[in-house]
Amino acid sequence: MRRRSRLPIDDSSIEEPFINLTPLIDVVFVVLITFMVIAPVLDIDSVDLAMSAGAEKKEVQNGPISIIVHADNSIWMQGTKVSLTQLETLLKQERKKNPRAIPQLIHDRQAQFGTYQSVKNVLEAIGFEQMDVVLKPG
């Protein structure tokens, strides 16, 4: 009978996989520090939301400048239908009367985004720094 001998298992021949995590941790820290440095510098836009239909009407009436864009993309300022050129003229007059006024834009969700952008561009061209966007509930 032949005798089988078992070879002893050499632990040094089996290497455990070595993964160096140092570069990964370095990259994560660099990204984290970058966000921490940039976050305070960012200017985040805010949107004022209307609480209810009754509160929305009071807010619009008390606001010095209200601009409403209806579903048919018609622009109304202070209750009068205007074109973009008329809007610009009226807004310049309002800006002279009250330079600290913040215009309120009430944009119907059925209206096109291009109308909103046109009104926003007019406000920026005149020199307004802020604009309240009032969203209709429901």
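The values are calculated or read from the model by the stated rules, or taken from the named source; none is laboratory data. What you are looking at is a predicted structure, and each value in this text was computed from that prediction instead of being measured. Counting neighbours? That spans all protein chains shown, and the Cβs are built from the backbone with ideal geometry, glycine included.
Miscellaneous remarks
- Scanning region 98-128 for residues that are touching a Gly at 6+ places or on another chain (Cβ under 9 Å) and surrounded by fewer than 16 Cβ atoms within 10 Å (Cβ to Cβ) returns Pro99, Ala101, Ile102.
- Residues that are among the basic types (Lys, Arg) and within 18 Å of the chain's Cα centre (by Cα), drawn from region 97-115: Arg109
- Only residues that are more than 19 Å from Phe128 (Cα to Cα), touching a Ser or Thr at 6+ places or on another chain (Cβ under 8 Å) and at pLDDT 90 or above were counted in region 66-83, giving 1.
- Taking the criterion of being assigned to a loop (DSSP other than H, G, I, E, B) and touching a Leu at 6+ places or on another chain (Cβ under 8 Å), the residues of region 110-132 that qualify are Phe128, Met131.
- Some residue of region 106-124 being touching a residue at least 40 places away in the same chain (Cβ under 8 Å) and in contact with an Asp or Glu (Cβ under 6 Å, 6 or more places away or on another chain): no
- Of all the residues in region 72-97, those that are part of a loop (DSSP other than H, G, I, E, B) and surrounded by 11 or more Cβ atoms within 10 Å (Cβ to Cβ) number 3.
- Residue in region 36-58 that is modelled with pLDDT of 90 or more and exposed (fewer than 10 other Cβ atoms within 10 Å of the Cβ) present: yes
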